[in-house]
Structure formats: structure tokens, C-alpha cells
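The values are calculated or read from the model by the stated rules, or taken from the named source; none is laboratory data. The model shown is predicted, which means the values in this text are computed figures rather than measured ones. Ideal geometry is used to build each Cβ from the backbone, glycine not excepted, and the neighbour counts take in all protein chains shown.
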Amino acid sequence: MKMRLGGSNWVGYAPNEVLCSLTRLYTETMRKNLLGVLLGLLLLATAHAALAGPPTTIYLVRHAEKDLTPGLADPPLTPAGEARAQQLGRLLAKRHPAALFTTDTRRTRATLAPLAQATSLTPEVYDAKNQAALAARLSREFGRKTVVVVGHSNTLLPLLTALGVSPLPSEIRDEEYNYLFKVKLRPGQPARLTMSRYGAAPQAASSNKM
């Protein structure tokens, strides 16, 4: 028997042979479709896992209270500042940070020192004038990890902006040493900011920024 089905040349084939060939063709087509569906589901599951996994968490704080004695080029912390640094260390050691970042000043280093000791981490110095570079590095190298950054009253808000956070306070006042900014980053989602306070309440305003 000679047959021509669906534009395919089946001349010379018996009906049972045609049926077997069509069955194999159907089976192969279904297998390819099934593989495509499974691949799509795998990609969706991978994307969902990336979104559902732990975010990158970045804690940002200003250095603690500094010595306001006139003429000090690189002032240390006051006793109140040292006490605040101890509080910060106890608070953030529980968050198990993977890295610590500080500017190259005595007050920021001293603020981070108790946390560095508690976690056995060596703080890395960053350039406070290049916020975009630090923000990019935090996002690129510390996915799903926790990082702590210590800065200054006039550097933290630009860094938060570089991380994609908004809205923000208009300023960090001279006497405000107790802000604790917590930023959560997830791929493809807006940065999420939580602001809180830690340690003693702010004292009277000083005349020295940074």
C-alpha cells in the first residue's frame, strides 16, 4: 500500500510501519517539549531560590563620639565614644558579619575595633570619596552575606544613595552618633532600608562635623 500523510513521503510503507513511525515522531516531539518545560521550570526554580535566599545585608554606622579638642588633626574617641563602640560590637557580632569596612581615621577604626576583636576580622580601609566603587564591591563580592561599614556624618548618606536607597534623612546632625542603617539587597529588587538607633541618646550639638 502506498500512502502520503501530512506532506511526508510514506510511499511503499505498510500501515503498521507508518503507525510506528508516527508514534516515534510523536514520542520524540513530546520528549523535546517535556525537556523544554523541565528546563523552564529549572530556570524558574533557580530564580526563585535566588530571590528567596538570604539577602546581602549591610550595616552602616557613623563613628562614635570623638574628642572635640581644637587642633586635633585625627581625634580619638571620647570615653562615651569608646562605650558606644563596645555596644556596637556586642550588637553586630550577633549578626556574624563576613567583612568590616572603615575609613582611615582613628575614630572610625576605634569604633570598629571591638567588633573586629569579637569576630576576628581585619577591617578593610575604603576610600570615603568613592562611594560608587564601595557600593559596587559590596553588591558584587558579598552576595547573601553581612557586612559592616563605619563612616562619617557626611559620607554615609552618599553611600546609601549609591546602594540605591531612598528616601533618606536630609542630614546626620553633629550630635547624632547613634544611627544604625540596615540595607538589604536582593537581585532585581529595590534596596530596602531599616533605620534604628543604638546606645545612648544624642547629647548637645557640637560645632564639628565628620
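Assorted remarks:
- Single residue of Pro123, Pro97, Pro169, Pro158 found to be loosely packed, with under 14 Cβ neighbours inside 10 Å and free of Cβ contacts under 8 Å to residues at least 60 places away in the same chain: Pro169
- Matching option when the condition is of a type outside the set (Ser, Thr, Tyr), closer than 18 Å to Ala162 by Cβ and surrounded by 15 or more Cβ atoms within 10 Å (Cβ to Cβ), among Arg106, Arg137: Arg137
- Qualifying residue in segment 113-120 (condition: more than 27 Å from Ala73 (Cα to Cα), surrounded by 15 or more Cβ atoms within 10 Å (Cβ to Cβ), in the same structural domain as Leu92 (by TED's automatic domain parsing) and more than 17 Å from the chain's Cα centre (by Cα)): yes
- Any hit, segment 175-184, residues being aliphatic (A, V, I, L, M), buried (at least 16 other Cβ atoms within 10 Å of the Cβ) and part of a loop (DSSP other than H, G, I, E, B): no
- Search result, residues across segment 82-93 that are among the small types (Gly, Ala, Ser) and over 10 Å from Gly199 (Cα atoms): Gly89, Ala93
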